[in-house]
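The values are calculated or read from the model by the stated rules, or taken from the named source; none is laboratory data. The structure displayed is predicted, hence computed values, not measured ones. With ideal geometry, Cβ positions are generated from the backbone for all residues, glycine too; neighbour counts draw on all protein chains shown.
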Amino acid sequence: MELRREAHPNYVFVCRKCGKKSVWYNAKEGRYECLNLECKAFGGNPYEVDAPQNNTSEVKGASKGNHNWRTSPRPLWLKPLIVIVILAAIGIEISVFAKSLVPLWIAIGFSTTFSIERWLSNLTKKYKAIGMLYRLLLNLGILSVVGLLIWSGIGLFSYRSVHSALVGSLILLAEFLLLIWAWRMVAKNSWRKPSMKLTIVGLICLSVAFAFAGVQPMAAYKDRIVSIISPVFNSLFNLF
């Protein structure tokens, strides 16, 4: 009878420690375990199930020598940091070649957004303040890309581009693709606050406040707009 039980290791045995018929063979761990939650004993065979359960796994993991229970998991921020550093370095090289900081900021913005969407999205969902800040940065980013696209387009079609027409066209195409990608990221996070409308209204209010407070360059833009509009209003008042 004992030989038959050993031939079929999943046969249920009586635990020598708690006295209940609750010992079974765990093929994955390669040991006999007691299923009684108040006992939880285990051993190498069904007649030696009398050792405490919190030692074998540690010894087993340590004997492997590779990745045991003491090895901490890879930090969550490691991959995002590597991606941001690599793309920032590429952006610096392009900025030095183009003599402009725009490629650097584009590389940092793209790598940061990609890293958050790829690895850190749980933080933006778990913490409301971080999610709102992330959505605000997304809105500001897409508005910046729109402004950059308009500026590059004007420079290209007015023949004021620093590079050749071909290079300018490729840059404009790359910015257009970046706008599509940024728009998809904003649409993906459309359930977050603040909305795009609120962001635009807030930017307009801040710009007006800074302009009348004398902050440059908004104050200069305000003076230029006033100098253009003033003759129009004066002519209207003279008509009436």
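What the table below lists for this structure:
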| quantity | calculated |
| --- | --- |
| Matching helices (runs of 4 or more DSSP H) fully within region 70-136 where at least 2 residues are in contact (Cβ under 8 Å) with a residue 12 or more places away in the chain | 78-98, 102-118 |
| Residue check for GLY202: modelled with pLDDT of 80 or more and either closer than 30 Å to MET185 by Cβ or surrounded by 12 or more Cβ atoms within 10 Å (Cβ to Cβ) (or both) | yes |
| When residues of region 31-49 are limited to those that are farther than 10 Å from CYS18 by Cβ and modelled with pLDDT under 70, the one farthest from the chain's Cα centre (by Cα) | TYR47 |
| Meets criteria (free of Cβ contacts under 8 Å to residues at least 60 places away in the same chain, out of contact with any Pro (no Cβ under 6 Å at 6 or more places or on another chain), of a type in the set (A, V, I, L, M, F, W, C) and assigned to a loop (DSSP other than H, G, I, E, B)) for VAL146 | no |
| Residue satisfying condition, being under 30 Å from TRP151 (Cα atoms) and at pLDDT below 85, within set SER57, SER63, SER100 | SER100 |
| Single condition ILE200 does not satisfy, out of (1) in a loop (DSSP other than H, G, I, E, B); (2) not assigned by TED's automatic domain parsing to the domain that holds LEU104 | (1) |
| Residue among GLY168, GLY141 that alone is at pLDDT below 90, surrounded by 11 or more Cβ atoms within 10 Å (Cβ to Cβ) and closer than 26 Å to SER111 by Cβ | GLY168 |
| Options ALA211, ALA187, ALA219; residue that is modelled with pLDDT of 85 or more, out of contact with any strand residue (DSSP E or B) (no Cβ under 9 Å at 6 or more places or on another chain) and not polar (S, T, N, Q) | ALA187 |
| Selection within region 173-196 - more than 19 Å from the chain's Cα centre (by Cα), surrounded by 12 or more Cβ atoms within 10 Å (Cβ to Cβ) and not in a loop (DSSP other than H, G, I, E, B) | ALA174, GLU175, PHE176, MET196 |
